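Before any comments, here is the structure.
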Amino acid sequence: MPVFRRPALLGALAALLAAPAMAQTQITVQHALPLNSHYGAGATALKETLERLTNNRIRVNIQRNDNEREMIESVQIGTIDCTITSTGPVGNFVPAVRNVDVPFLFRDYAHARGVLDSEIGQGLLNQFTPRGLVGVIWMENGFRHLTNSRREVNAPADVRGMKVRTMENQVHMRAFSTLGALPTPMAFSELVPALQQGTVDGQENPIPVIVANNLNQVQRFLTLTAHVYSPAVLICNPGTLNRMSAADRAHFMEAARAAQRANRERVSADEASGVDELRRRGMTVVTQVDTAAFQAALAPAFAEFERTLDGALLRRIRDWRPAGG
Ligand code: EAX
C-alpha cells in the first residue's frame, strides 16, 4: 500500500494541516518621540531582536504617544504592553524613582549608567512591582538643558521670573521654583503649542529631544545647564511577561538589553552632534555655564530633598564609583 494511503499517516497529516499555525503574539510598545530618535532606536532594537529570537512568534508593534503619564497608566491597566518613558511622571507611580530626578546628582553619563546598571538601579526597578508595573531595564533620555525664547541665560538670576515648562515631576518643579522661575508642569504633548502661544517662555530637555522635535523652531536660546540627568525606563505590564514562556521571557530580556545599548548609543551620538546642529538651525547657545552658581542657588532644594526623599540612597548614588574606579 502506497505510504500516503496508510490510514495512520493520513490521520497524522490531516491533524497537522488542521493544527493552528504556531500561536503568534503581538506586543505594543509606545514612546513619546519620533521613530528617528533615541527612544525610537531603542524600540526598534527591541523589536528586531525579539522577533529574530522568537522567529516572529512574538511581533512588536511600535507606536508614538507623547503623553508619558498616559502611557504609564495604560501599561498599568493593560491596554498597552510596554512603554519607553522618561522618569518625568514615573515618580507619581513609583515614588522611590524621584530620587534619581534630583538635579546635579549624577556627575556624567558614565556615573549615571553605572549606577542604574548596578544593584542600586535594580533595587529601584524592583520598586515597580508592588505598583502593578514591571521595571524591565533602565534606558536613557539624557542630561537636560534649558531653552527659552526671551534671553540668554548665563546665571541663576537670569531664570528668575521665567515661565518654564517642566515635566509633571515634583522634584524638577521644586528645583525651578527654588531658582525663582515659575515652573509650569505639562505633558510633552502640550509643550510645543505652549511655546508657540507664549504660555511658557522656556523648557528643559536633553539635546536628543530638542533636536528630534525641532524645538529650535520655537526656542531661540539654549543654555547647556546639564542641570539634571533624565533617566528613561522600559516599563511593561506584568501580564504581558507572565504570559510568555520562560524561554521567551529570556528572549525578551536579551531584546531589552539590545534596546538599552541602541538607545544609549544614539544619545551619545546626538550629544556629540546635536549642539552644532542646533547652532546651524539658528539657536544661540550658551556653553560656559557657572554650574557652581546653579548648585549654590539650589541649596535649599537639596536640603529639602535630603529630608523628603531617601537621603541614604542619594549619598550611595553620589559615592558610587565603578569597580576599580
Ligand atoms: O521623554 O516630557 C519630556 O520633556 C520628556 O523629556 C520627553 O517626553 C522625552
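The values are calculated or read from the model by the stated rules, or taken from the named source; none is laboratory data. Model, not experiment: these values are computed from the prediction. Positions of Cβ are backbone-derived with ideal geometry, glycine not excepted, and every protein chain shown enters the neighbour counts.
Here is a yes/no grid of residues against (1) closer than 19 Å to residue 164 by Cβ; (2) not basic (Lys, Arg):
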| position | (1), (2) |
| --- | --- |
| 226 | yes, yes |
| 247 | no, yes |
| 260 | no, yes |
| 289 | yes, yes |
| 321 | no, no |
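When 258, 226 are screened for being within 16 Å of the ligand (Cβ to nearest atom) and of a type in the set (Gly, Ala, Ser), only 226 passes. Of the helices (runs of 4 or more DSSP H) contained entirely in region 145-259, those carrying at least 2 residues that are touching a Lys or Arg at 6+ places or on another chain (Cβ under 8 Å) and farther than 30 Å from residue 55 by Cα fall at 170-178, 191-197. Across region 214-232, the qualifying residues are those that are of a type in the set (S, T, N, Q) and over 10 Å from residue 204 (Cβ atoms), and the one among them that is surrounded by the most Cβ atoms within 10 Å (Cβ to Cβ) is 219.
Within region 109-131, at least one residue is more than 16 Å from the chain's Cα centre (by Cα), over 30 Å from residue 27 (Cα atoms) and either away from the ligand (no atom under 16 Å from the Cβ) or not in a helix (DSSP H, G or I) (or both).
Tell me the residue from 197, 170 that is closer than 22 Å to residue 235 by Cβ and either modelled with pLDDT of 95 or more or more than 11 Å from the ligand (Cβ to nearest atom) (or both), please.
170
Give all pairs with beta carbons closer than 6 Å in which a residue from region 20-37 that is within 12 Å of the ligand (Cβ to nearest atom) meets a residue that is at pLDDT below 95 and small (Gly, Ala, Ser); count only pairs at least 6 apart in sequence or on separate chains. Pairs found: 33/212; 34/212; 37/212.
Pairing residues of region 194-220 that are hydroxyl-bearing (Ser, Thr, Tyr) with residues that are crowded, with 17+ Cβ neighbours inside 10 Å, at Cβ distances under 9 Å and at least 6 apart in sequence or on separate chains, gives 199/163; 199/165; 199/184; 199/186. If you check 260, 217 for being at pLDDT 95 or above and in contact with a helix residue (DSSP H, G or I) (Cβ under 8 Å, 6 or more places away or on another chain), only one passes: 260. What number of residues within region 256-287 satisfy the criterion of being touching a residue at least 60 places away in the same chain (Cβ under 8 Å), over 23 Å from residue 39 (Cβ atoms) and of a type outside the set (A, V, I, L, M, F, W, C)? Total meeting the criteria: 3. Scanning region 23-32 for residues that are in a loop (DSSP other than H, G, I, E, B) and crowded, with 23+ Cβ neighbours inside 10 Å yields a single hit, 32.
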